[in-house]
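Values quoted throughout were computed directly from the atomic coordinates according to the rules given, and no laboratory measurement underlies them. None of these values were measured; they are calculated from a predicted model. Neighbour counts run over all protein chains shown; Cβ positions are idealised from the backbone, glycine included.
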């Protein structure tokens, strides 16, 4: 059963140009199904029945997988069996009655400006690794890059003289992303000092390297980021949190949605519009707080209490 999984993953890689993350996720999902099928008595993919697949989904629900994870696993299973049927490895598809759970749209988790400052302040730059980590976080917050894009950048992609970094996004799309001065400074410090101490091979192309002097992985970055988030007292954080925070800051500065879409590398502007909804929700929340303060002030003044501080002005009022 493993051979068919490998053939399928190879087909995805060559025909659909799927990303390494997608290939890895599909490989893991299908191996999980293969393990469940073997435990259920199936010795080949041809022996997998609709009832077995339904039992697999029930097991995922029992183990309390997130709805998004279950939906992805089901998508992988359907695509895999379609591939097997098209290649005549099986005589019929057992996935025809397999439903997909409804995935609710979610608002991306983003940090406030204060939380971003705390996260960055948690990094000390008195070691080569600290200089690397500071440069990575500053680069992410300055550009909105995906973590996968960040760790795949090479030194040759960075142009500090012009103040930008080249990013290879999904489906081979490249974009040049401007760097803020603080990010340029952090990257220059890392290149001139920290990176030289970390690399063991002068020919290493990777911009960000681990303690072995080799390219840092996405998983390695996530462990680093979680450590700093814990130090900063930030509990809700994901590898994409700084990307979301960047998008909200750009919109808050008045940058047009289409420009933010280009910076983020979104193929469809509807994906970028989620940030507009989040920005509006945040603004409504702030307005609600200000209304409460003003109501409290008016109530206290009517009671003769002159000591209540004035409500803070909004940006528009200032």
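Report the label-to-label distance for residue 63 and residue 211 in nanometres (one decimal), using points 7 Å from each Cα along the Cα→Cβ vector. For residue 63 paired with residue 211, the spin-label model returns 3.1 nm. A full extension of the chain between residue 35 and residue 54 corresponds to an added length of 5.4 nm, given 0.36 nm per residue minus the alpha carbon distance. Using a simple spin-label model with pseudo-atoms 7 Å out from Cα toward Cβ, residue 262 and residue 276 lie 1.7 nm apart.
How would 241, 217, 125 line up from fewest to most surrounding beta-carbon atoms within 10 angstrom? Write out the running numbers ahead of the final one.
On the way: 241 23, 217 14, 125 17.
Final ranking by Cβ density, sparse to dense: 217, 125, 241.
Taking the Cβ-Cβ separation of residue 192 and residue 269 as r and a Förster radius of 22 Å, what is the calculated FRET efficiency to the nearest 0.05? Calculated transfer efficiency: 0.05. Here the peptides 224-232, 143-151 are ranked by packing, the mean other Cβ count within 10 Å, and the order with the highest first is 143-151, 224-232. Full extension of the chain between residue 255 and residue 75 gives 61.2 nm of extra length, using 0.36 nm per residue less the Cα-Cα distance.
Residue separation times 0.36 nm, minus the C-alpha to C-alpha distance between residue 219 and residue 11: what's the value? Don't skip to the answer; put the middle values down first.
On the way: separation 208, 0.36 × 208 = 74.88 nm, distance 2.51 nm.
Extra length from residue 219 to residue 11 when fully extended: 72.4 nm.
Distance between the pseudo-spin-label points of residue 155 and residue 85 (7 Å out from Cα toward the beta carbon): 5.2 nm.
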